[in-house]
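Q: Dropping a structure here in structure tokens format, bear with me for questions.
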């Protein structure tokens, strides 16, 4: 998938079960919308990756700004003390999105989605190596197992290491590009972790959409194609779907805790398999199914461990807080 989305706003989560179900429902709808966005991108014919990034970013601005205006955060969302931080986050995000879209146009849809699941695993690794966060044996083990799953998916495509002529194989290049996008997306999320310390989520999202739109224009000298009427519809649809998906994602986290919502992200693989088969004739390979199952299992375990650690930290704070 693309660079992992940042929620636009935050508010206290109500533990009411009906609100939790609403949050899960909104998450599932956002998954459908993001898979539709990826399908629109995949359906375009001969559109360069930089141009795809521009349309995805520019037309996403409109539903996001409508939502922020409804929330009363449109004006305050533009206030920032870290313009260069947003610029760097935008640059890394654009590279990630470009690689993702290139991979989408070369690989079966479910395979591209499954390889993209490497990003949360890489975030754990980079958090330990770059941010010096404490990552214990359980999570390291899950990361290693998850990366084995990614390699199982990739291995049939990675003939480039045994046959130099395979660099002409577009599917092999698409697999490498998708894995590269997962690395870049993980790096972008580390930057978001530093930005959220001083910046509103709305500000991060607005500036990412704006900077990625502007940066994508730099790809014009490398060749843009004039879209057909059908491609225009797909390109605009991809951008609008991306913005709507972002809004839905924002709203789902208002109603339920992230540890409850996050595992439903993996439903995109099931949906991707169905959409890929029905609309693109993509038949899942055994390697994709086995590797995807391993990656999903590792990701869910990491989410579970984060949830358990969060509960332990909460209990520790309660014990250490003086009573009376």
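The values are calculated or read from the model by the stated rules, or taken from the named source; none is laboratory data. None of these values were measured; they are calculated from a predicted model. Using ideal geometry, Cβ is built from the backbone for each residue, glycine included, and neighbour counts are taken over all protein chains shown.
Q: Would you point out the residue of the range 53-78, among those that are at pLDDT 90 or above and outside any helix (DSSP H, G or I), that is farthest from residue 225 (Cα to Cα)?
A: 60
Q: Which residue is nearest to the chain's Cα centre (by Cα), if the candidates are limited to the range 208-230 and must be in a helix (DSSP H, G or I) and farther than 16 Å from residue 95 by Cα? It would help to see each step written out before you state the result.
A: Applying the first criterion (in a helix (DSSP H, G or I)) to the range 208-230 yields 208-222, 229-230.
So of that shortlist, the ones also farther than 16 Å from residue 95 by Cα come out as 221, 229-230.
Details: 221: 28, 229: 28, 230: 26 Å.
Per the stated criteria, the residue is 230.
Q: May I pose another question? Could you say which residue among 251, 199 is outside any helix (DSSP H, G or I), buried (at least 16 other Cβ atoms within 10 Å of the Cβ) and touching a helix residue (DSSP H, G or I) at 6+ places or on another chain (Cβ under 9 Å)? Spell out how you get there, then give the answer.
A: Details: 251 fails: outside any helix (DSSP H, G or I).
Of 251, 199, the one residue that is outside any helix (DSSP H, G or I), buried (at least 16 other Cβ atoms within 10 Å of the Cβ) and touching a helix residue (DSSP H, G or I) at 6+ places or on another chain (Cβ under 9 Å) is 199.
Q: Would you check which residues across the range 254-293 are without any contact (Cβ under 8 Å) to a residue 24 or more places away in the chain and part of a helix (DSSP H, G or I) and list them?
A: Within the range 254-293, 258, 270, 274, 277, 278, 286, 289 meet the criteria.
Q: Right, another one. Hey, can you tell me all the residues within the range 94-108 that are buried (at least 24 other Cβ atoms within 10 Å of the Cβ) and outside any helix (DSSP H, G or I)?
A: 107
Q: From the list 239, 245, pick out the single residue that is closer than 11 Å to residue 26 by Cα, within 20 Å of the chain's Cα centre (by Cα) and in a helix (DSSP H, G or I). Don't jump to the end; show me each part of the working.
A: Details: 239 fails: closer than 11 Å to residue 26 by Cα.
The match here is 245.
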